[in-house]
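These notes are about the structure you will find just below.
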2 protein chains.
Amino acid sequence: MSYFDRTTSVTDLGGGRYDAELDGGWKVGGGLNGGYLLATVGRALRETLAPAGKPDPISVSAYYLSAAVAGPAQVAVDVRRDGGSTAVVAADLVQDGQTRLTVLATYGDLDRDADDVQTTATEIELPPREECVGKDHLPPPFRDMAPLLSRFDALQDPAHTGWAVGEPDHSGVLAAWFRLQDEREPDPLSLLLTCDALPPVLFTHGRMGWAPTIELTVHVRAKPAPGWLKVRHATRNIAGGMFEEDCEVWDAGGRLVAQSRQLARVPR
Amino acid sequence: MSYFDRTTSVTDLGGGRYDAELDGGWKVGGGLNGGYLLATVGRALRETLAPAGKPDPISVSAYYLSAAVAGPAQVAVDVRRDGGSTAVVAADLVQDGQTRLTVLATYGDLDRDADDVQTTATEIELPPREECVGKDHLPPPFRDMAPLLSRFDALQDPAHTGWAVGEPDHSGVLAAWFRLQDEREPDPLSLLLTCDALPPVLFTHGRMGWAPTIELTVHVRAKPAPGWLKVRHATRNIAGGMFEEDCEVWDAGGRLVAQSRQLARVPR
């Protein structure tokens with residue numbers, strides 16, 4: 001079993017309650033990666049809704065209340081409506097009696113109408129992978145701060161990696177090839193992680209440090225084809241101590257498979 | 001009192017429960033406008049959190065479960081975390097025992113760090129208002145379908161109004177000057193409405209009809225200055241029977257005051 005599948009697995013206790021064991025390998029900065037936590041909740045939702053023919057996250061919104069740590073956690077799922085082709089569901093991830101994140105989501109079946117595509121967005125352009133910048137090129141302080149970086153390959157577009165050597169390009173853009181550890185192929189669940197896996201886009205403005213997520217919504221728009229993903233983060237409005245971070249994920253077949261936006265705090 | 005303030009008002013019953021009277025003047029297509037419902041919930045959240053110094057919506061995510069109708073409704077508010085400078089809160093809007101929408105939100109004080117602005121997004125460009133297309137220019141079928149249209153002035157950029165005369169421009173873009181009825185000045189609460197007030201952007205692709213919202217998240221990024229707002233909707237990914245609709249709202253001072261995204265169903 002892949003590292004991703006093992007560390008996001010949940011045990012069904014019945015009645016919409018699941019046990020999880022959060023894994024320290026997803027640590028970054030002050031806590032566990034928010035995308036990892038979202039994928040773990042997403043798996044509990046999948047377990048709940050797959051029997052009803054709604055295995056796939058379509059829209060998932062998370063509000064982050066406190067920093068999660070490695071160790072036991074519980075997911076509590078509440079199906080708010082299940083009718084027609086989709087279900088709306090609420091869920092909390094709880095540790096030691098503290099809610100870490102609270103989630104609303106719509107689940108359904110992404111095989112429905114899958115061939116109806118009218119995308120005017122243009123695919124992310126990246127240099128060949130051998131010209132991109134992997135984690136081995138990052139200065140040791142970044143690698144030591146983030147065990148997360150060993151969970152996947154993110155081969156970054158060198159046009160936007162100046163921040164790593166003290167020369168931020170002030171573009172507000174990051175882009176990378178992305179593949180999970182163990183060559184685990186992407187699926188709708190892993191996309192929840194992928195949308196929050198790259199460094200904070202504020203790094204490109206030279207504003208380093210932990211940028212806690214206030215809210216993150218992921219729209220999974222199609223099942224991804226096997227192979228490398230292309231991921232792009234962008235921010236256009238740093239204001240009031242907060243910034244938005246938009247993310248697009250394109251699959252190996254050239255399809256836009258996920259769109260997300262988060263609101264996060266500017267590092268102090 | 002303005003129409004907006006009167007029809008979004010709530011009565012505090014104590015214990016996080018509020019009574020509302022949903023107003024038929026916000027009707028459009030198959031139900032009441034989703035932005036109006038969100039603003040009504042937003043007002044109940046404001047009543048709950050203003051005493052704690054957190055009067056302003058910062059991020060609000062709504063999942064729409066069933067179509068609301070004119071008449072009595074209840075809002076149930078549950079404060080999930082209140083500490084530091086923000087609070088996270090959950091709320092349901094309920095009618096006749098049916099949940100119409102369920103909401104997660106972060107509230108705070110938009111006067112904090114209000115002068116810290118580093119926006120790289122470019123302001124919406126619109127022709128002068130006298131060259132734009134108001135509701136009086138819409139064919140009667142549109143006006144009759146939507147009492148909503150009398151609640152505000154939306155003076156649309158004529159570059160994108162071909163759909164109204166059977167000549168859709170296939171741009172995926174709509175833009176308009178916006179002002180509430182009664183010249184009611186914009187505030188953070190009314191921005192929740194403004195982000196969902198224009199026609200569905202799919203009209204520009206000639207795909208007419210009711211486009212039910214699955215999920216809508218609004219980030220209020222600053223308190224708007226008095227005067228006309230500029231609003232722009234755009235979609236870039238119609239696929240799988242769904243489309244995203246991004247919205248930006250700029251105020252009379254040239255500031256980006258709200259960013260939203262919704263996922264909605266393509267009309268059948």
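Here, each number is a calculation from the coordinates, and none is a lab measurement. Every value quoted in this text rests on a predicted model; they were computed, and no experiment measured them. Heads up, the Cβs are rebuilt from the backbone with ideal geometry, glycines too, and the neighbour counts pull from every protein chain shown.
Below, the figures for the structure above:
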| item | result |
| --- | --- |
| Exposure rule at most 16 other beta-carbon atoms within 10 Å, DSSP loop GluC sites (Glu not before Pro): chain B longest free segment | B:126-268 |
| Overall form of the range A:53-206 per C-alpha gyration tensor (a/c, 1.5; a/b vs b/c) | oblate |
| Whole-angstrom gap from the range A:1-23 to the range A:100-160, using each part's C-alpha centre | 23 |
| Set of lysines with alpha-carbon distance to residue A:27 below 21 Å, sequence-local pairs under 8 removed | A:135 |
| Where labels lie 7 Å past Cα in the beta-carbon direction, separation of residue B:13 and residue B:135 in nm | 3.1 |
| Within chain B: Cβ-based charge dipole about Cα centre, in debye rounded to nearest 20 (Lys, Arg +1; Asp, Glu -1) | 620 |
| Principal-axis tilt of helix A:34-49 within chain A, Cα atoms, nearest 10 degrees | 20 |
| Packing-based ranking, highest mean first, of B:185-192, A:73-80, A:112-119 given that Cβ atoms within 10 Å are counted | B:185-192, A:73-80, A:112-119 |
| Residue-averaged 222 nm ellipticity for chain A, from DSSP H runs of 4+ at -39500 (n - 2.57), nearest 500 | -3500 deg cm²/dmol |
| Inter-site label distance for residue A:208 and residue A:120 at 7 Å from Cα along Cβ, in nm | 4.2 |
| Mean separation of Cα contacts under 8 Å (6+ apart) over length of chain B, as relative contact order % | 18 |
| Quotient of Cα Rg and 2.2 N^0.38 Å for the range A:3-265, N being how many residues it contains | 0.97 |
| Average other protein chain Cβ within 10 Å of Cβ, residues A:254-266 | 3 |
| Student exercise, the range A:70-119 dipole from Lys, Arg, Asp, Glu Cβ charges, in Debye to nearest 20 | 280 |
| Sum of side-chain charges, residue A:15 neighbourhood, beta-carbon under 13 Å (Lys, Arg +1; Asp, Glu -1) | -3 |
| Inter-label distance, nm, simple model (7 Å from Cα along the C-beta direction), residue B:144/residue B:113 | 5.2 |
| Other-chain or far-sequence residues with amide H under 5 Å of residue B:28's (modelled H) | B:33 |
